[in-house]
Amino acid sequence: RAPATQRDQKHRETSRLFQRYCAMCHGPDGRGTGVRETLPMIPDFTRREWQEVRSDPRLVVNILDGKGARMPSFGGKVAREQARDLVAFIRSQPKNS
């Protein structure tokens, strides 16, 4: 396991990636509330039910390949390792029932 300072640095870097590529739609807190009116199907990453039915590999694929018209591909912008880090970051957010 990496020392705390390395984990903290990785968390900060991934947080910046999330803010750069994801927050525009998913919001800075991952809830998607800012676009919910126009994109009602956008997930709320803080919902425990949403988290429980999605595997990490599936989320990595969604990030890299996109989801058709609903979500663009970020494969040309983030590396696979960064996509895995983004999934871990999403998983680490506080959960609501």
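The values are calculated or read from the model by the stated rules, or taken from the named source; none is laboratory data. Since this is a predicted model, take the numbers as computed values, not measurements. FYI the Cβ positions are ideal-geometry reconstructions off the backbone, even for glycines, and counts take in every protein chain you see. Only protein heavy atoms, including side chains, enter the accessible area calculation; ligands, DNA and RNA are left aside. Shrake-Rupley method; radii C 1.70, N 1.55, O 1.52, S 1.80 Å.
Things to note:
- Probe 1.4 Å, accessible area per residue of the chain, Å²: 67 Å²
- In a fully extended conformation the segment linking R70 and L39 would gain 10.3 nm over its present Cα-Cα distance, using 0.36 nm per residue.
- In plain terms, the chain from R91 to R16 could stretch by 25.4 nm, reckoned as 0.36 nm per residue minus the Cα-Cα distance.
- Degrees separating the helix 4-17 axis from the principal Cα axis of the chain, which is the longest one: 30 degrees
- Straight-distance crosslink candidates among lysines, where the alpha carbon sits under 26 Å from K77 and sequence neighbours closer than 8 are dropped: K10, K67
- Between 0 and 90°, nearest 10: helix 56-65 axis offset from the chain longest Cα axis: 70 degrees
- Each Lys and Arg Cβ is given +1 and each Asp and Glu Cβ -1; about its Cα centre, the chain then shows a dipole of about 140 debye.
- Isotropic mean projected area of the C-alpha convex hull, the chain (nm²): 6.5 nm²
- Between the amide H of R47 and those of N96, distances stay under 5 Å, these residues lying 5 or more places away or on another chain, with hydrogens modeled in the peptide plane.
- Accessible area of the chain belonging to carbon and sulfur atoms, whole % at 1.4 Å probe: 53 percent
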